[in-house]
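What follows is a set of notes on a single structure, which appears directly below.
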Amino acid sequence: MASTSSLKVTYPHLSRLQKRSPVTDPKAISHSVLVDGAEHVVSYGGTSQYNRDGTGAAACGLAAMNFARIVFSIEHDGLQDELLLQTVLARECAEETTAICALWSGNLHLEVEDIYHVPLFEKTLKLKTTAYGLPGVSEFKGLLMELNNLESSAAVIITRPPEILTCLKLRLKTRNVFIIFDSHPRPSYPNGAGMTVSPSIEDTARRLTEIFPTVDLPDSSLQWQAQLLSNYSGHVFVPHGVDMSTPTLWQAVLESSVAQLSMQAEIADLRSQNEFLKNEQQRLESEIREAEVQIRHQKRQIQQLESSTSTHKPSSSSSSSKVSTSAIKPFSSISSLFTGSTSGRAHGRIDNPPTPPFDPQDGLLYAMRLQHEYNEEDRALSAQRIELEKSAPRLFECSICMEEIPEDSIARPDPCGHSFCRACLRGHVTARLDEHRFPILCPTCTADKGKGKGPTGNVPLSLALDLGLTDKQYAIWTDMEMVAFSVVISCQKCKRSMFVAKDEHEETLIIACPLPDCNHVWCKQCQQSIDFEGPKHSCDGTSELDHLMKEQGWKYCPTCKTPIQKESGCNHMSCMTPACNTHFCYVCGGLIVRSALGNDIKVAISNHYSKNCGLFTVPD
C-alpha cells in the first residue's frame with residue numbers, strides 16, 4: 001500500500017487529505033465495503049451542485065461526467081484496491097467533482113452527448129454503449145450486470161429528465177465495487193452530494209430505483225404518457241486509454257480555448273452588424289424628422305405669401321395700366337424677401353446702385369410661381385417621407401426578453417397570437433423538448449395560468465420547424481405527438497417496444513405482438529401469455545382449471561363447488577369444506593345428500609347406489 005507522502009506527490013488536488021478531519025472516515029468505510037460487503041452512504045456538507053450565488057442548478061450532467069473523469073484519472077495514475085477506494089471516497093474528490101458546477105450559470109440542462117464532445121471529456125472518456133428503458137430493479141440489475149462484465153472500470157451516466165447521475169463500477173483485485181454519485185441533496189444526504197458505495201449489484205439496483213421511481217399516474221388516459229416520459233437513458237463510458245499527462249491536458253485546454261475564441265469572434269461580428277443596423281435606422285429617422293421640419297417651414301412661408309397676397313390685392317380702375325402707389329407698397333415688401341431692400345443704407349451698404357422700380361403685377365406672378373414650386377416640393381417631400389416610413393422596419397416588443405425587435409423576427413403561437421422573437425421562442429421550445437413536455441404551450445398563456453381571455457395558445461409543428469429544430473428535437477416532437485393517438489406496448493418475448501393505435505388497443509382484450517418475426521400473444525388485463533392450442537384464457541384461471549378437471553375426470557362439490565380428486569376407494573365422496581356436509585357420487589357427480597346425521601347418510605347412499613351408479617368402480 002502506498003504511503004501518505006507519495007499520495008501528496010502524485011495527487012496535488014488531494015493534498016488536504018491529512019489536514020482535514022472529515023466526519024466520514026473513508027478508510028473505515030473502504031475496509032467495511034471490501035471485507036464485510038456492507039453498503040455505505042458518503043456525503044460531505046457544501047459539496048452539492050448548488051452554489052450560494054444561485055448558479056449550478058442545471059449542472060448535474062457536468063458533475064456526473066466530471067466524477068467519471070476524475071476517478072478514471074486517479075486510477076490511471078497508479079492507485080489500486082483499498083487505497084484507490086479511499087481516495088475516491090475522500091472529501092477532496094467530491095469537492096473537485098462539483099467545483100465545475102460553479103462555472104455553469106445557465107438554466108438549460110445539458111445533454112450527455114453535448115457534454116461528451118467537450119475536449120476535456122472527449123480526451124478522457126470513451127463511449128461504449130447506450131441503453132434505454134423503464135426504471136426498475138430488474139432493469140437496473142441488467143444494466144449493472146453489463147457494466148460488471150466489462151474488463152475495466154466503467155461508468156454509466158443515467159439520465160431521466162431533468163436529473164443526471166453517475167453509477168461507477170470500480171474494478172479492484174479483491175472485488176468490484178459500485179458507487180452511485182448524486183450531486184443533488186436528498187433525505188439520505190441533505191447537506192451535499194452523496195456517494196452510495198456497495199459491492200452488491202442487487203443493493204445498487206434498489207438504490208437506483210429509489211432515486212428514479214416509476215411514475216404511475218392515477219388517470220388512465222395519462223398512464224402511457226407517464227411511462228414514456230419516465231424512461232431513462234444510460235450512456236456507458238470507459239477510460240479512453242490515453243496518457244493524461246500535462247501535455248495532453250494542455251492540448252484539451254488549447255482546443256477549448258480556440259473554440260471559445262471562435263464563438264467570441266462570431267458574437268463580436270453579430271454585435272457589429274447589430275450596431276450598424278441601429279445606426280442606419282437612427283440616420284433614416286433623423287432624415288425623416290428633418291424633412292418634416294422643412295415641410296412645416298415651407299408651409300408657413302406659403303401661408304404668409306397667400307395671406308399677404310389676399311390682403312393687398314390691387315383694385316381695378318378705369319385705366320387697367322395704372323395702379324395707385326398704395327397698392328405698390330405691399331408688393332415691394334414681397335419683393336424685398338427675394339431681391340433685397342430698395343435702399344442700400346438700410347443694410348449699412350454705401351454707394352450701391354439703386355434698385356430698379358418694382359412692378360406689382362410681376363411680384364404677384366412671382367409669388368404664385370413660388371407657391372407652385374413650394375407645393376411641388378411639399379408633395380415630393382411627403383412622398384419621400386412615406387417611402388422612408390415604408391422602408392423603415394416596424395418593431396414589436398417580445399413578451400419574453402421585453403426588447404423591441406423588427407417584425408421580420410416575430411413568431412406567434414396559435415390561436416392566442418402572443419408575440420415573441422424567434423430566438424426566445426426557439427429557446428422555449430428547445431427547453432420543453434429536452435424535458436419531454438408536450439404539447440408546448442404559449443409562455444404568456446402559461447404565465448397567466450388561464451386568467452387571460454381567449455383559448456390557450458400552443459406552438460404548432462409548422463412554427464417549430466420554422467424556428468429551426470434539430471433532427472434529434474424533431475424525433476422527440478414526433479414521439480410526443482404520437483402519444484396523443486397511440487400507446488406503447490412491450491412484448492415480453494422479444495423484449496421490444498412499439499407504437500399501436502390507441503383506439504384499437506382500448507377495444508381489444510388480447511394483444512398479439514405486431515412484429516412479423518414474433519408470434520407472442522398475451523392478455524391485456526393480466527399480462528399472461530396465451531396459448532391458442534390450450535383452453536380458453538381467463539385472468540383468474542377458472543377456465544383453465546375447468547378444462548383440466550374435465551380432462552382428468554375430477555369433480556366439483558355440487559354445493560360449494562370445491563374441486564375434488566379421488567385417489568382411491570369407493571365412489572361415495574364427502575366434501576371436507578367446513579359446514580358444507582355434502583355427500584355426492586364421483587361417477588355422475590350428483591348430490592346424494594347434504595346432512596351431518598349418520599342415519600340419513602346411510603339411507604341416501606343405499607338409495608343412490610342401488611338404483612343409479614355403482615359404489616365401486618371395477619377396473620377393465
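Directionally averaged projected area (segment 404-482, Cα convex hull): 5.4 nm². Near Leu125, the amide H atoms lying under 5 Å from its own belong to His240; only residues 5 or more places off or on other chains count, and H is placed 1.01 Å from N. Annotation: extensible slack from Lys561 through Ser538 equals 6.5 nm (criterion: 0.36 nm per residue apart, minus Cα-Cα distance).
Distance from the Cα centroid of segment 584-620 to that of segment 168-182 is 71 Å (rounded to whole angstrom). Here each label is just a point 7 Å from Cα along the line to Cβ, and for Asp378 and Leu127 those points are 7.2 nm apart.
Here the extension length gained between Asn607 and Cys526 equals 24.4 nm, from 0.36 nm per residue of separation less the Cα-Cα distance. Principal axis extents of the C-alpha atoms in segment 555-611 (largest first, rounded to whole Å): 25, 23, 17. Its alpha carbons give segment 23-244 an Rg and a Dmax of 16.7, 55 Å.
The calculated pair-distance distribution of segment 93-213 uses every alpha carbon pair, bins of 10 angstrom beginning at 0, and gives 11, 43, 38, 8, 0 percent. Under the 0.36 nm per residue contour assumption, what length would be gained going from the current alpha-carbon distance of Thr24 and Ser574 to full extension? Result: 191.1 nm gained on full extension. Taking a straight Cα-Cα cut-off under 20 Å and skipping sequence neighbours fewer than 8 places away in the same chain, the aspartates and glutamates within cross-link reach of Lys561 are Asp540, Glu544, Asp546, Glu551.
If R0 is taken as 51 Å, the Cβ-Cβ distance between Glu306 and Gln282 corresponds to a FRET efficiency of 0.90.
Readers should treat all values here as calculations from the given coordinates under stated rules, not as data from a laboratory. Predicted, not measured: the structure shown is a model, and the values here were computed from it. Glycine also receives a Cβ, built like all others from the backbone with ideal geometry; neighbour counts cover every protein chain displayed.
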